[in-house]
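Data block below; observations after.
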Amino acid sequence: MRNFMNRIIQYLSIFFVLFLFACGSSLTKKTADNLKVALNNERTASEKYTKYAQVAMSEGFDTLAQLFSAVSNSEKIHATNHERMLHKYGGNSDNPEIAAYQVKTTKENLDAAIKSEMLDMQSLYPGFIKTAEIETAPDGATAFTWALNGDKRHLNFYRKAASSILSGNESGISYLWYVCPRCGNIYNPDDSKALCEICLEKQENFIGFVKIDSK
Ligand SMILES: [Fe+2]
C-alpha cells in the first residue's frame with residue numbers, strides 16, 4: 001500500500017511539472033512567435049548587409065563596406081540572442097526563412113538599408129517589446145530592446161554615411177568598427193566607451209577592438 005501511494009505521488013508530481021511547463025509555454029506563446037519572426041528578420045538583414053558590403057567594395061566604397069560588415073555582424077548577434085530566447089520560451093529555430101531582398105548599386109543599397117532599419121524600429125520591435133511585457137517574458141523583452149537600440153544606431157550611422165556618399169566621398173564614415181559580442185551594438189573609435197552603453201559589456205571584449213596608445 002505504501003509503495004502504491006509513493007507511486008501515485010510520483011505520477012502526480014510529474015503531471016504537475018508537465019502542467020506548469022505547458023502553462024508557461026502557452027503564456028509566452030506570442031513572444032515565442034515574435035522571436036521567430038525577429039530571428040528570421042535578423043538573419044535576413046545579416047546576409048543582406050554582407051552582400052551590400054561586397055558591392056560597396058567592388059564599387060570602390062571600401063570604407064562604407066566596413067560599416068556594412070560591422071552591421072551585418074551586429075545583426076548576427078541579435079539573431080543569436082533571439083534564437084537563445086526562442087528556445088527558452090519553448091520555440092524551435094528549425095527551418096530558417098530568409099526573406100527576399102534585392103542587391104543593387106551601393107547608393108540604392110544604402111537607401112534600402114535606411115528604410116529597413118526604420119521599419120524595424122517603428123513597426124517591428126516596439127510591439128514585440130510590449131507583448132513580451134504583457135506576457136511577463138522579461139528576457140524576451142530584453143532581447144528585443146537590445147536589437148531596437150542597436151538598430152537606432154545602425155540607422156544613425158547609415159544616414160551619416162548617406163550624407164558622405166552624396167557629397168562624393170567617404171570622409172564622414174569611420175573605417176574601424178567594434179561590435180559588442182553580447183548585445184551586438186556597434187561602435188567606432190570616436191564614440192566607443194569603457195562599457196557598452198546598451199548591455200554594459202567591457203570595451204576590451206568588443207570584437208575588433210584595438211587599444212590605441214595615446215602616448
Ligand atoms: Fe553591448
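General observations
- Flag if residue 173 is more than 16 Å from the ligand (Cβ to nearest atom) and within 22 Å of residue 190 (Cα to Cα): yes
- Listed here are the helices (runs of 4 or more DSSP H) enclosed by segment 1-119 that have at least 1 residues being modelled with pLDDT of 90 or more and not hydroxyl-bearing (Ser, Thr, Tyr): 29-58, 62-88, 106-119.
- Residues being surrounded by fewer than 17 Cβ atoms within 10 Å (Cβ to Cβ), under 18 Å from residue 151 (Cβ atoms) and within 14 Å of the ligand (Cβ to nearest atom) - total across segment 185-194: 1
- Residue within segment 131-147 that is touching a His at 6+ places or on another chain (Cβ under 6 Å) and away from the ligand (no atom under 16 Å from the Cβ) present: no
- Listed conditions (1) polar (S, T, N, Q); (2) modelled with pLDDT of 95 or more; (3) buried (at least 19 other Cβ atoms within 10 Å of the Cβ); (4) closer than 23 Å to residue 210 by Cβ are all met by residue 174, apart from (2).
- Here residue 182 fulfils each of the conditions (1) under 18 Å from the mean Cα position of the chain (by Cα); (2) assigned to a helix (DSSP H, G or I); (3) within 16 Å of the ligand (Cβ to nearest atom) apart from (2).
- Positions within segment 56-101 being surrounded by fewer than 21 Cβ atoms within 10 Å (Cβ to Cβ), over 21 Å from the mean Cα position of the chain (by Cα) and closer than 22 Å to residue 156 by Cα, in sequence order: 57, 62, 63
The values are calculated or read from the model by the stated rules, or taken from the named source; none is laboratory data. Since this is a predicted model, take the numbers as computed values, not measurements. So basically every Cβ, Gly included, is an ideal-geometry build from the backbone, and we count neighbours across all protein chains shown.
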